[in-house]
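*Asks:* Structure below; questions to follow.
Rule-based calculations on the coordinates, nothing more; no lab input. These numbers were taken from a predicted model, which means no experiment stands behind them. Please note: Cβ atoms are built from the backbone with ideal geometry, for glycine as well, and neighbour counts cover all protein chains shown.
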Amino acid sequence: MFNAFPNEKIIVNRERSSHAYDTLSYFVSKYVAETPLNVVPSLIYGCVVYWISGLNPDRFGEYFLLCGIYLLCDDLLPFMLR
């Protein structure tokens, strides 16, 4: 995600100068578009690891929810560091 931003910076600056959209709209749309691509494979991997490692089947929902929250926060971190 960090490597993509410098390539997009020229285009974003050009479109912002023509008042196509503002910075918040760009970051929100980028986050919404990229989140499924980053979160879904990690959740699938987490599910496989959970069952292979033999963890408590009664607590799978909590594990899945916490993994999802962690991944959403992890996906937002690069936006906060820009």
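*Asks:* Just checking my list [x] 75, 13, 4; [y] 36, 11, 9; [z] 32, 14, 10 against semi-axes √(5λ) of the Cα gyration tensor in Å computed from this structure; which label fits?
*Replies:* So the calculated entry is the one marked [y].
*Asks:* Here is a follow-up. For SER42, what is the net charge nearby, where nearby means another residue's Cβ is under 12 Å from its Cβ and Lys, Arg count +1, Asp, Glu -1? Don't skip to the end; give the middle numbers.
*Replies:* Numbers: positive: none; negative: ASP74, ASP75.
Local charge sum for SER42: -2.
*Asks:* Please name which of VAL12, LEU76, LEU66 has its Cα lying farthest along the dipole of the chain towards the positive end, using unit charges on Cβ (Lys, Arg +1; Asp, Glu -1) and the Cα centre as origin.
*Replies:* Comparing the listed Cα positions along the dipole, VAL12 ranks first.
*Asks:* So what is the 222 nm mean residue ellipticity for the chain from helices alone, if each DSSP H run of at least 4 adds -39500 (n - 2.57) and you divide by all residues, rounding to the nearest 500 deg cm²/dmol?
*Replies:* Details: 3 runs with 65 residues, N = 82.
Here the helix-only value at 222 nm equals -27500 deg cm²/dmol.
*Asks:* Under unit Cβ charges (Lys, Arg +1; Asp, Glu -1), what dipole magnitude, rounded to 20 debye, does the chain have relative to its Cα centre?
*Replies:* Values: 6 positive and 8 negative charges, 58 e Å.
Dipole about the Cα centre, nearest 20: 280 debye.
*Asks:* Give the share of C-alpha pairs in each 10 angstrom bin for segment 43-82, from 0 to the last occupied bin, in whole percents, shortest bins first.
*Replies:* In order of increasing distance, the bins hold 28, 44, 20, 8 percent.
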